[in-house]
Amino acid sequence: MMRSAGRRFSYFVDMFAYPLRLSHYLELINPLWTRHALQARVVRVWDETKDSRSITLRPGRGWRSHRAGQYVRVGVPIGGMRHTRTYSISSAPESSDGCITITVKAITGGRVSHHLVRKLKRGAYLPIGEPQGEFVLPDAIPVHPLFITAGSGITPVMSILRNYVREYSVLPDITHIHYAPHAYDVIFGNELEQLSATQTHYRLHRIYTRELGESAKTRPHFSAEQLEQYCPDWREREVWACGPATLLDSLEQHWQAAGRSRQLHLERFRAKLADIPADVQGGRVRFVNSQVEFQSDGMTNLLRVAEDAGLNPPHGCRMGICHGCDCVLVSGSVRDLRTGALFSEAGEKVQVCVSAAVGDVEVEL
Ligand code: FES
């Protein structure tokens, strides 16, 4: 009854506020009260390692809780432009204070990740999206998960582990292989250590890929021998793996060769791309709405081409998942960089973050 009265009041005020809505005025008082765009306030930041930081966010009205393993789209204003990235949520769902935590690693040349890790302050407001992603455990809990993670690929798995602890106190039979350059680079190192020491059924194997002080990787991320050594019953386990493309590609090959691809659940930071044909052709890209043209080499995705042309198109994951970059093809052809498939029907929607121009092309941007 109260809710419908509130809705009627809001509808009534919206009529007078047109073309804005009550929600736009509430945003001026407290950005967390808005309904037209979800926002979150930064309530805590702390360093996990020398180049990674956890950021606790208090989402505003309209947030629905995530499932352990999901990610969230985060808008990051830098120099008057809003950049959007997706980050796995590292906290367990439904925390008592209504907050969520993301954990970000500053990647080389990554302007947004550097900003979040080095410059973001408590009290800042960030636009966020709804939680998304399929990298979750089934509701019927698997008996023997194998987690394989590397670097910041630990973040969705940390959410899963924290959720297990909160829900059941005792972890089930889990084998976890985690790769990091050095011991001091392990994100959530102390917490993992403690879980390993106190949870009888949780077997953690940390593998370091560099000698102390070395800046380049000297050991590979994955080998069949390691797998046999640390998880001899891997064939019987469902696997959740998150990390760099080289690791995930190796796992994919290994599980495929064993005829067990269906047991493998991967979370990638970037889309897996198909080989580019040798005779690839670039062309002029015309962004119709912005009346901007730019040359494309036929290999670079149209989102990057638009950004190089000085535009700031809406986007989310930058890897073909969220459809936050969808735009209408006006003329010409584009290639889906993940599959190599060509699209040339005027009026169809294309994901510019994973599409490249094939000759001259026009898109509604
Ligand atoms: S940005 Fe997510 S699909 Fe393109």
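What follows is calculated from the coordinates using simple rules that are stated; it is not laboratory data. Every value quoted in this text rests on a predicted model; they were computed, and no experiment measured them. Cβ sites come from the backbone with ideal geometry, for glycine too, and all protein chains shown count toward neighbours.
To the nearest 20 Debye, how big is the dipole of segment 283-363 about its Cα centre, given +1 on the beta carbon of each Lys and Arg and -1 on that of each Asp and Glu? Walk me through the intermediate numbers first.
Details: 7 positive and 10 negative charges, 34 e Å.
That gives segment 283-363 a dipole magnitude of about 160 debye.
Output wanted: per-residue J couplings in Hz (rounded whole) for segment 321-327, from phi through Karplus 6.51 cos²θ - 1.76 cosθ + 1.60, θ = phi - 60°, x for Gly and Pro.
Rounded to whole hertz, the list is 9, 8, 6, x, 10, 3, 8.
For segment 243-365, what's the relative contact order in percent, using C-alpha pairs closer than 8 Å and at least 6 residues apart?
Working: 244 pairs, mean separation 34.7, N = 123.
The value is 28 percent.
Putting +1 on Lys and Arg Cβ atoms and -1 on Asp and Glu Cβ atoms, find which of 151, 89, 361 reaches farthest to the positive end of the dipole of the chain.
The residue sitting farthest along the positive end of the dipole is 89.
Among bridges DSSP assigns within the chain, what percent are antiparallel (round to 5)? Before the final figure, lay out each step's value.
Numbers: 45 of 70 bridges.
Bridges in the chain that DSSP calls antiparallel: roughly 65 percent.
How big is the C-alpha Rg of segment 93-166 next to the rule-of-thumb value 2.2 N^0.38 Å, as a ratio? Working shown, then result.
On the way: Rg = 15.0 Å, N = 74, 2.2 N^0.38 = 11.3 Å.
Normalised by 2.2 N^0.38 Å, the Cα Rg of segment 93-166 equals 1.32.
Please return the longest stretch of the chain lacking exposed loop sites, where trypsin sites (Lys or Arg not before Pro) count only if DSSP places them in a loop and at most 14 other Cβ atoms lie within 10 Å. List each step's numbers first, then the result.
Values: sites that count: 50, 61, 64, 121, 122, 217, 270.
By the stated rule (loop sites, at most 14 other Cβ atoms within 10 Å), 271-365.
Debye sum, Cα scatterers, segment 145-268, no solvent: what log₁₀ I/I(0) at q = 0.15, 0.16, 0.19, 0.20 1/Å?
-0.67, -0.76, -1.08, -1.19
Diagonalise the Cα gyration tensor of the chain and give the resulting equivalent ellipsoid semi-axes, square root of 5 times each eigenvalue, largest first, whole Å. Please report the intermediate quantities before stating the final value.
Working: eigenvalues 256, 183, 74 Å².
The three semi-axes for the chain are 36, 30, 19 Å.
In terms of modelled amide H atoms, which long-range or inter-chain residues lie less than 5 Å from the amide H of residue 101?
Excluding prolines and chain starts, which carry no amide H, the hits are 57, 90, 91.
Projecting each Cα onto the charge dipole of segment 145-268 (Lys/Arg +1, Asp/Glu -1 at the beta carbon, about the Cα centre), which of 232, 184, 244 comes out farthest on the positive side?
Sorting the options by dipole projection puts first 244.
Tell me, what HN-Hα J-couplings in whole Hz come from the Karplus equation 6.51 cos²θ - 1.76 cosθ + 1.60 at θ = phi - 60° for each residue of segment 172-185, using x for Gly and Pro?
Calculated HN-Hα couplings, in order: x, 5, 10, 10, 10, 9, 10, 9, 8, x, 9, 4, 6, 8 Hz.
Run the helix sum for the chain: -39,500 (n - 2.57) per DSSP H stretch of 4+ residues, divided by residue count, reported at 222 nm to the nearest 500 deg cm²/dmol.
Numbers: 8 runs with 80 residues, N = 365.
Mean residue ellipticity at 222 nm (helix-derived): -6500 deg cm²/dmol.
Where the Cα atoms of segment 38-133 are projected onto their three principal axes, how long is each span, largest first, in whole Å?
33, 29, 25
Compute, for the chain, the length of the dipole vector about the Cα centre, with Cβ point charges of +1 (Lys, Arg) and -1 (Asp, Glu) only. Units Debye, rounded to 20. Numbers along the way, then the final one.
On the way: 43 positive and 38 negative charges, 290 e Å.
Here the size comes out at about 1400 debye.
Rounded to the nearest Å, what's the spacing between the alpha carbon centres of segment 320-365 and segment 72-107? Just the number, please.
Cα centroid of segment 320-365 versus Cα centroid of segment 72-107: 28 Å apart.
For residue 179, which sequence-distant residues (separation of 5 or more, or a different chain) have an amide H within less than 5 Å of its own amide H, given hydrogens modelled in the peptide plane?
HN-HN under 5 Å from residue 179: 149, 150, 151, 207.
Which longest uninterrupted range of the chain lacks any GluC sites (Glu not before Pro) assigned by DSSP to a loop state (not H, G, I, E or B) and surrounded by at most 16 other Cβ atoms within 10 Å? Don't jump to the answer; show the numbers that get you there.
Working: sites that count: 94, 134, 211, 214, 345, 348, 364.
Answer from the scan: 215-344.
Under a point-charge model restricted to the Cβ atoms of Lys and Arg (+1) and Asp and Glu (-1), what is the dipole moment magnitude of segment 145-268 relative to its Cα centre, in debye to the nearest 20? Mind dumping the intermediate values first?
Numbers: 12 positive and 15 negative charges, 27 e Å.
Approximately 120 debye in magnitude.
Inverting the mean 1/r over all pairs of different Cα atoms, compute the Kirkwood radius of segment 283-363 and quote it in Å.
Numbers: mean 1/r = 0.0831 Å⁻¹.
Averaging 1/r across every pair of different Cα atoms and inverting gives 12.0 Å.
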